[in-house]
Amino acid sequence: MTVDLGMPAAPAPTLGERRKTRQLQVGPVGVGSDHPISVQSMTTTNTADINGTLQQIAELTASGCDIVRVACPSADDADALPAIAQKSKIPVIADIHFQPKYVFAAIEAGCAAVRVNPGNIRKFDDQVKEIAHAAKDHGTPIRIGVNAGSLDPRLMKKYGKAVPEALAESALWEAGLFAEHDFHDIKISVKHNDPVVMVRAYEILAEQCDYPLHLGVTEAGPAFQGTIKSAVAFGSLLRQGIGDTIRVSLSAPPVEEIKVGTQILQSLNLRPRKLEIVSCPSCGRAQVDVYTLAEEVTAGLEGMEVPLRVAVMGCVVNGPGEAREADLGVASGNGKGQIFVKGEVIKTVPEAKIVETLIEEAMRIAESMEGAEEQGDGSPVVTVG
């Protein structure tokens, strides 16, 4: 028996059309509605530690990061930027606060873009002309990043606090100053730690400009809380086609931010899916330890790159149906498990062999899919004995 493992002919459904934006090039990465949504993170190292920073960037690159931001609060950090920008395998954005001279240093260093927070850069508005000319001469995009915690004092006085309208007005004001000098290679972010405020601020921006938007819930919190906040906010905006780059800000290692951001995009079919584990939450009907099975299968398949959906089900009610719908699955009960490949039962194994069998079958399917992709001979087919 053969089982066709090709992807369905119809494109995967998505939530909504992308908002049409201007297009930017952040190094080799295209940003805007004509390009895939990019996942970003930020290094936590001392930027002046060139080797340490490059090591962390390499880890982020390996985890799927598209663009990385590095802090530049000191002269030593600015001095390190040329080496980091040159040696990084992904585009480097310099993050500038307080000292406008570091904006020029980052542009001269060859950074792929510069993020500025006008609200806390001394006399920023007076230097827009010089920054715009330098950025245009070097082909360097600027991200105007407005944060609730560092809103321009003029807007704080007008609105009293960082309401959505204040965040959007601040960003649009600064973008307008650049536009006066014919500089339009701008990306905007208006971050807030409250997802509701953040979402509304981006909706206002989307209505009033066509600049690409970088999404982020700032200071989102520890991994669990930050993941929930970011997923809720991003999902709301991406549903409306709003968002061109994203960063999940977590109090966790940067690689975790990339994992969460990538998974959010995959879940919305905005990035090709890779390994996906479908497992039931367990209940009184379960006749096996679903939690352990799911964890062990996930651990055994960690790092798999092919688009494979694996269902780990614990009872005879929903189990067979879910297992049939997946590329690979198991419906467990009565001390054994039925193994499905693309809707066909290929074998029944004892409960103790379920994890081992699923991993073996997944590896076999993955090899077939990778082999077909290399040969360019169409959809992979697995022969089941």
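A few notes on this one:
- Checking each residue in region 113-127 for being touching a helix residue (DSSP H, G or I) at 6+ places or on another chain (Cβ under 7 Å) and either crowded, with 22+ Cβ neighbours inside 10 Å or outside any helix (DSSP H, G or I) (or both) picks out Val114, Val116, Asn117, Pro118, Gly119, Asn120.
- Subset of region 79-104 [closer than 30 Å to Met156 by Cβ and either part of a strand (DSSP E or B) or in contact with a strand residue (DSSP E or B) (Cβ under 8 Å, 6 or more places away or on another chain) (or both)]: Ile93, Ala94, Asp95, Ile96, His97, Phe98, Gln99, Pro100, Tyr102, Val103
- Residues in region 243-281 that are open to solvent by 60 Å² or more (accessible area, probe 1.4 Å) and in contact with a Leu (Cβ under 7 Å, 6 or more places away or on another chain): Glu256 only.
- Pick from region 282-297, criterion open to solvent by 60 Å² or more (accessible area, probe 1.4 Å) and over 15 Å from Gly333 (Cα atoms), ranking: nearest to the chain's Cα centre (by Cα): Glu295
- Residues in region 37-77 that are open to solvent by less than 10 Å² (accessible area, probe 1.4 Å) and more than 30 Å from Gly235 (Cβ to Cβ): Thr47, Thr53, Cys72, Asp77.
- Listed conditions (1) in contact with a Pro (Cβ under 6 Å, 6 or more places away or on another chain); (2) surrounded by 22 or more Cβ atoms within 10 Å (Cβ to Cβ); (3) of a type in the set (S, T, N, Q) are all met by Thr227, apart from (1).
- Where His133 falls short, out of the listed (1) surrounded by 15 or more Cβ atoms within 10 Å (Cβ to Cβ); (2) of a type outside the set (Val, Ile, Thr); (3) in a helix (DSSP H, G or I): (1)
- Scanning region 200-222 for residues that are open to solvent by 20 Å² or more (accessible area, probe 1.4 Å), touching a Leu at 6+ places or on another chain (Cβ under 8 Å) and in a helix (DSSP H, G or I) gives Glu203, Ala206, Gln208.
- Tally of residues being assigned to a helix (DSSP H, G or I), surrounded by fewer than 17 Cβ atoms within 10 Å (Cβ to Cβ) and modelled with pLDDT under 90 across region 298-323: 1
The values are calculated or read from the model by the stated rules, or taken from the named source; none is laboratory data. All values reported here derive from a predicted model rather than from experimental measurement. Counting neighbours? That spans all protein chains shown, and the Cβs are built from the backbone with ideal geometry, glycine included. In case anyone asks, the SASA skips ligands and DNA or RNA and just uses the protein heavy atoms, side chains included. Shrake-Rupley method; radii C 1.70, N 1.55, O 1.52, S 1.80 Å.
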